[in-house]
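Presented below is the structure to which this report refers.
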Amino acid sequence: MYSQRLENLPPYLFARIDAMKARKRKEGVDIIDLGVGDPDLPTPAHIVEAIVRAVKEPKNHHYPAYEGMAAYRKAVAEWYGKRFSVSLDADREVLALMGSKDGIAHIPEAFVNPGDYVLVPDPGYPVYKTSTLFAEGKTHLMPLTAENNFLPVLDDIPRDVLKKAKLFFFNYPNNPTAAIAPKAFFEEVVDFARDNDLVVVHDNAYSEITFDGYKAPSFLEIDGAKEVGVEMHSLSKTYNMTGWRIGMAVGNPEILAGLGRVKSNVDSGVFDAVQEAGVAALTGSQQCVADACAVYQERRDVLVKGLNDLGFDVRAPKATFYVWMPVEDCMKTAAQFLNEAGIVVTPGVGFGESGDGYVRFAITRSVERIEEALERIRRIAP
Ligand SMILES: *Cc1c(COP(=O)(O)O)cnc(C)c1O
């Protein structure tokens, strides 16, 4: 019944975990869900108030401009200027997205011919792989290993793959490993893309979720980056707006025009009232972001210390709301945590082969729940 394209999709491990979780809940187990990469904190009030105002305006009830409202694109450009000292032309170098997933899911259609290669980090956000498959491209997986600080080794990519490679996806601060990348690596990517004629897509969804004074860069801060690539960004994680579906693609205008052409044939833009709320988020006080980071940082400290005290070997990440923990057998650990302790974590293999040997904790639950989870793990620890 289904197309080859659908049949070719890898089995969706997360759907299976959801089913197991639902079964446990039905049995009455008090599940502590540290699986989901979705903030538990509410969207800040001033952003909610902005959409309430905007939704009452009849002018916002029509089809939006597919590239985004001028005011939203201007707010994005100004935010990039303030936050990263990156200057963007709001008309040509900013495209509104329904979350960064929208950009990631559609960009291969604009650049990949059947059989072309797309370079994809492994483990990684699953959409890089599936969007490549939908465009009938081939993925070349770049392993992210602890030995190389979870950065891909560009020299390991075979020549014959590079010759047919079109797109390069990467993502720092990284989901699921929580690794960060030094600017030197971003520079290496710019040179590599130039030498090999690649379109670079940097996924910067977690740039604002950082700790211990660390500030994550934008790919576009690097000299020459705008000649080779774009950055996908999002309000989802920064302002607890995952349900609102708003983000942006920024950078090289020709690349953005390609993505825009695909999207103009697929969707009809982001609801203007949501974009007005986006303007409020980007131009308003950023104290809410600092407050959220302080919440995550406390949770991170409690979880990391607790796990290390229990004999696991975990390092405190500088960014993202994930903790990436090495284990012997990730499926076994995840199943044991769920069945014996009612705790959901994500087995690393769900993000790709090289994620095997890790589980991912999302610190999107309160300190009290994290402490309860640690206590339950202590009780089942061998
Ligand atoms: C959450 C996430 C996204 C997508 O978020 P949107 O809600 O679509 O903006 C993209 N990339 C990574 C790595 C993510 O974790």
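The values are calculated or read from the model by the stated rules, or taken from the named source; none is laboratory data. Model, not experiment: these values are computed from the prediction. Cβ coordinates were reconstructed from backbone atoms using ideal geometry, including for glycine residues, and neighbour counts include every protein chain displayed.
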* Odd one out for Ile104, checked against (1) of a type in the set (A, V, I, L, M, F, W, C); (2) within 16 Å of the ligand (Cβ to nearest atom); (3) over 27 Å from Asp356 (Cα atoms); (4) in a helix (DSSP H, G or I) -> (3)
* Structure fact -> With the first residue restricted to region 273-297 and required to be modelled with pLDDT of 95 or more and β-branched (Val, Ile, Thr), and the second required to be surrounded by 19 or more Cβ atoms within 10 Å (Cβ to Cβ) and assigned to a helix (DSSP H, G or I), Cβ contacts under 6 Å at 6 or more apart or on different chains are Val279/Tyr72; Val279/Ala75; Thr283/Ala75
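Looking at Ala105, Ala181, Ala165, which is the one that is assigned by TED's automatic domain parsing to the domain that holds Pro64, closer than 16 Å to Val200 by Cα and over 20 Å from the mean Cα position of the chain (by Cα)?
One residue alone meets the criteria, Ala165.
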* Asked: From the residues in region 227-238 that are closer than 16 Å to Tyr80 by Cβ and more than 11 Å from the ligand (Cβ to nearest atom), which one is nearest to the chain's Cα centre (by Cα)?
  -> Glu231
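Taking the conditions exactly as written (at pLDDT below 95, more than 16 Å from the ligand (Cβ to nearest atom) and either surrounded by 11 or more Cβ atoms within 10 Å (Cβ to Cβ) or basic (Lys, Arg) (or both)), does Arg16 satisfy them or not? Don't jump to the end; show me each part of the working.
Numbers: at pLDDT below 95: yes; more than 16 Å from the ligand (Cβ to nearest atom): yes; either surrounded by 11 or more Cβ atoms within 10 Å (Cβ to Cβ) or basic (Lys, Arg) (or both): yes.
Yes.
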* Asked: When you go through (1) over 30 Å from Glu372 (Cβ atoms); (2) in contact with a strand residue (DSSP E or B) (Cβ under 7 Å, 6 or more places away or on another chain); (3) not polar (S, T, N, Q) one by one for Ile51, which number turns out not to apply?
  -> (2)
* To do: Identify all residues within region 277-288 that are in a helix (DSSP H, G or I) and in contact with a helix residue (DSSP H, G or I) (Cβ under 9 Å, 6 or more places away or on another chain); write none if there are none.
  => Ala277, Gly278, Val279, Ala280, Ala281, Leu282, Thr283, Cys288
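Please find, within region 145-173, the residue that is farthest from Glu231 (Cα to Cα) out of those that are part of a loop (DSSP other than H, G, I, E, B) and of a type in the set (A, V, I, L, M).
The qualifying residue farthest from Glu231 (Cα to Cα) is Ile157.
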* Asked: Only one of these conditions is not met by Glu49: (1) among the charged types (D, E, K, R); (2) surrounded by 14 or more Cβ atoms within 10 Å (Cβ to Cβ); (3) more than 16 Å from the ligand (Cβ to nearest atom). Which number is it?
  -> (2)
* **Residue list for region 325-354, filter: within 21 Å of Phe150 (Cβ to Cβ), touching a strand residue (DSSP E or B) at 6+ places or on another chain (Cβ under 7 Å) and among the small types (Gly, Ala, Ser)** => Ala334, Gly348, Gly352, Ser354
* To do: Those residues that are surrounded by fewer than 22 Cβ atoms within 10 Å (Cβ to Cβ), at negative phi and within 16 Å of the ligand (Cβ to nearest atom), I need them from region 263-290; list them, please.
  => Val266, Asp267, Phe271, Val289
* **Residue, surrounded by the most Cβ atoms within 10 Å (Cβ to Cβ), within region 196-237, restricted to residues that are aromatic (Phe, Trp, Tyr) and either under 19 Å from Arg299 (Cα atoms) or out of contact with any helix residue (DSSP H, G or I) (no Cβ under 9 Å at 6 or more places or on another chain) (or both)** => Tyr206
* From Gly243, Gly224, grab the single residue that is within 16 Å of the ligand (Cβ to nearest atom) and assigned by TED's automatic domain parsing to the domain that holds Phe169. => Gly243
* Condition test on Arg194, is it under 16 Å from Ala96 (Cα atoms) and more than 12 Å from the ligand (Cβ to nearest atom)? -> no
* When both residues are 6+ apart or on different chains and their Cβ atoms are under 6 Å apart, which pairs have a first residue that lies in region 76-89 and is hydroxyl-bearing (Ser, Thr, Tyr), and a second that is surrounded by 22 or more Cβ atoms within 10 Å (Cβ to Cβ)? -> Tyr80/Val86; Tyr80/Leu88
* Structure fact -> By residue number, the members of region 52-76 that are surrounded by fewer than 21 Cβ atoms within 10 Å (Cβ to Cβ), part of a helix (DSSP H, G or I) and aliphatic (A, V, I, L, M) are Val52, Ala54, Val55, Ala70, Ala71
* Structure fact -> Checked region 81-101 for anything within 15 Å of the ligand (Cβ to nearest atom), assigned to a loop (DSSP other than H, G, I, E, B) and either within 27 Å of Tyr214 (Cα to Cα) or among the hydroxyl-bearing types (Ser, Thr, Tyr) (or both); matches are Gly99
